[in-house]
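No value in this document is a laboratory result; all are computed from the given coordinates. As the structure is a computational prediction, the values presented were derived from the model and not from experiment. Please note: Cβ atoms are built from the backbone with ideal geometry, for glycine as well, and neighbour counts cover all protein chains shown.
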Amino acid sequence: MRKAIVLVIIVALIGFTGVVRAATFYVDPARGKAGGNGSAKRPWRTLQEVVTRGTLRKVKPGDVIFLRSGYHGDVTLSGDNKAVITIAAAKGHKPALSRLTISSGSRWRIRGLSISPAFGDKPYDGNIVKFGDSGPSSDILIENCFIYTALDSSKWDTPTWKKANDGVFMGRHGKNLILRNNYILNTRFAVSLCAEDSLCEGNVITNFSADGIRVTRDGQTVRYNVIKNNYCSAADGDNNHDDGIQCFLFNKGTGTVRRVTVVGNIIINREDDRQKFHNPLQAIGFFDGPLVDFVVTDNVVLVDMWHGVSLYSARNCRIERNVAWSRWESNRRPWVRLGGKSQNCTVKNNYACSFRIDSAAVKSGNKPSNAAIYKQALEQAHTAIVKKFGKYHPVAGYARLGMTKGKSPRKSPAGDKPEKPAANPSDPSQQTP
Ligand SMILES: [Ca+2]
Ligand SMILES: [Ca+2]
């Protein structure tokens, strides 16, 4: 009887930790062969070939595929996995894709890849990474990837900025999707979040000509992202109203967006005043609504525009401890604004250049911002982000602020050898590294 109980516990533990004979495969564009067996010594050739030849069927739930340096193609994945399948850069390797699409499916984890049309043989329009947009999708995690149109945009004119690829589209058929610690460089619309109950955290968005992050569905969390350096104004020939984070209504049926959390993000209009084609950026612009149960706290905003933090038609929302400042001399000083007809909202302990708060709101402790308060808030927010995600991006190499390069010490090195299989991305304990 006792033996049976012990056996049951052991079986339960093995099931719980998920370490049941996960296999590891290797893909190597330089040394691999289409007819290899996927072992470290006889790797397959490219990830695209693994998918299109059907070799991917040999990879089972819980397995890990390590990609070695080189070009792995334009890759489309799909399929429901009973346990997470991880596709990751092998240690010390720089695998590259020209595009990544996960059309539908569940339990995929993608880690540490460089993804850019620059690697492919011809340019394409639209998103560089798209997932959850063609069919039911859940528990997909995309992390530590370097996603960009081109490395250098210094010679771009406005037409080039307007036709630049969009960065990431988290699709409308998704639920429980995670976009974590990706570096997204030189894009038009950087990130569109259209999946319910999903998380966008620790990403860096640098150089974008339209909106940084679009929040469009219920239950989305946007936290600890850095969004900076916005391009092309109406005077330059770009009529898009650029926002750092915008609530853009996608819930067409109900016209209401619920349970959105926007916490600890840094939004900077431009880091360098020599930036060409700069544009006044609205920081957090939640104009569509009604907005219900929003939490917008601890964001730090430096913009040359009126909308620092603006929520319209808000119900049961909290706007707390945000700091909005401008270091430029125009009269566009960023405010905290609760507009339209708000109900049951709280606006507390924010710093901004001015406040426009619906009279029905509960408000207290809101004070004028200044350069010193902004500087302190920026340091605090940056420190919190660095603590969670590192000072430098693990693949792009860039710091989160400025464009210096370096390396963050690795907490747990990802090896070119079997490692602990990924936990289910929807596991809340896995949501912060
Ligand atoms: Ca623009
Ligand atoms: Ca916009």
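Numbers at a glance
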quantity	calculated
Structure-based [θ]222 nm, the chain - -39500 (n - 2.57) summed over DSSP H runs of at least 4, per residue, nearest 500	-3500 deg cm²/dmol
GNM top mover of 21, 259, 270 - the chain, alpha-carbon springs below 10 Å	21
Built amide H within the under 5 Å cut-off of residue 183, gap 5+	145, 146, 147, 204
Most mobile of 43, 159, 394 in a GNM of the chain (Cα contacts under 10 Å)	159
Euclidean distance of C-alpha centroids, segment 182-259 and segment 97-115, integer Å	20
Candidates 401, 185, 302: whichever shows maximal mean-square fluctuation once the chain is modelled as a Gaussian network with Cα springs under 10 Å	401
Distant-in-sequence amide H partners of residue 357 (H built 1.01 Å from N, under 5 Å)	338
Distance violations [Cα-Cα > 21 Å] among 41/91; 155/407; 41/407; 122/276; 91/391; 175/407	155/407; 41/407; 122/276; 175/407
Net charge dipole size for the chain [Lys, Arg +1 and Asp, Glu -1 on Cβ; Debye, nearest 20]	1480
Sequence of 345, 232 once ranked by neighbouring C-beta atoms within 10 Å, starting from the fewest	345, 232
For 145, 353, order by how many other beta-carbon atoms lie within 10 Å, fewest first	353, 145
³J(HN,Hα) computed for each position of segment 210-217 - Karplus, 6.51 cos²θ - 1.76 cosθ + 1.60, integer Hz, glycine/proline x	10, 9, x, 10, 9, 9, 10, 9
Residue-by-residue Karplus 3J(HN,Hα) for segment 306-321, coefficients 6.51, -1.76, 1.60, Hz, glycine and proline x	5, 7, x, 9, 10, 10, 10, 6, 9, 10, 6, 10, 10, 10, 9, 6
Sequence-distant lysines (8 or more away, or on other chains) whose Cα lies within less than 29 Å of residue 363	341, 348, 375
Segment 100-106 - phi-based ³J(HN,Hα) in whole Hz, Karplus 6.51/-1.76/1.60, Gly and Pro as x	10, 10, 10, 5, 7, x, 9
Interchain or long-range residues, amide H under 5 Å from residue 79's placed H	104, 105, 106
Order of 98, 408, 103 under a 10 Å beta carbon neighbour criterion, fewest first	408, 103, 98
